[in-house]
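Readers should treat all values here as calculations from the given coordinates under stated rules, not as data from a laboratory. Owing to the predicted nature of the structure, the values given are computational and were not obtained by experimental measurement. Using ideal geometry, Cβ is built from the backbone for each residue, glycine included, and neighbour counts are taken over all protein chains shown.
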Amino acid sequence: MQLQETGFEGLLILQPNIYKDERGSFLESWNHETFKKLNLDISFVQDNQSVSRKNVLRGLHFQKEPHAQGKLVRVTQGSALDVVVDLRKQSDTFGKHFKLKLSSEQGNMLWIPAGFAHGFVALEDHTVFQYKCDGLYQPKSEDCVIWNDPSLSIDWGVENPIISPKDLQGKLLKNLKL
């Protein structure tokens, strides 16, 4: 497993070793001991999966303290543009975003520590997106930054994304109570 820093404290790109032969491929996406060696001593309590058609945009979701979640995210079928926004007021990168293309072909993953809003747009039909969370879902703690907040200037790479009515109710970053 290779680890790459992103310039955002704690936000990490992880690239598992992929073993390929004539039968197909194999990768280990999670191993507690491997992650501990990378100084990521994480205990996951919930796994989530979504399936999206092309141009579906989900996010930018987060949970407020005391129920903030860290997430290990990856795409197991298709590809997605993954986007996070740093909501940690004490951070040097507060209010900035980071983007990464995740794909089943690459097998790459992103570790998103608590304190980030997270979203993605599916780049292919039947994109399967998986999240391992270190905290349980708490509906009363959930919130959403509007996907097209002008202060974030996120280029999602799609002209007319498909967005749920709930996500269309997201807030501007400046109006969040963090």
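Remarks
- Segments classed as strands (runs of 3 or more DSSP E), wholly inside segment 94-178, with at least 2 members that are β-branched (Val, Ile, Thr) and farther than 28 Å from Leu14 by Cα: none
- Flag for Ser91 being of a type in the set (Gly, Ala, Ser) and within 15 Å of the chain's Cα centre (by Cα): no
- Restricting attention to segment 87-116, the residues that are touching a Gly at 6+ places or on another chain (Cβ under 7 Å), buried (at least 20 other Cβ atoms within 10 Å of the Cβ) and either under 20 Å from Trp147 (Cβ atoms) or among the hydroxyl-bearing types (Ser, Thr, Tyr) (or both) add up to 2.
- Residues that are free of Cβ contacts under 8 Å to residues at least 40 places away in the same chain and among the polar types (S, T, N, Q), drawn from segment 124-148: Asn148
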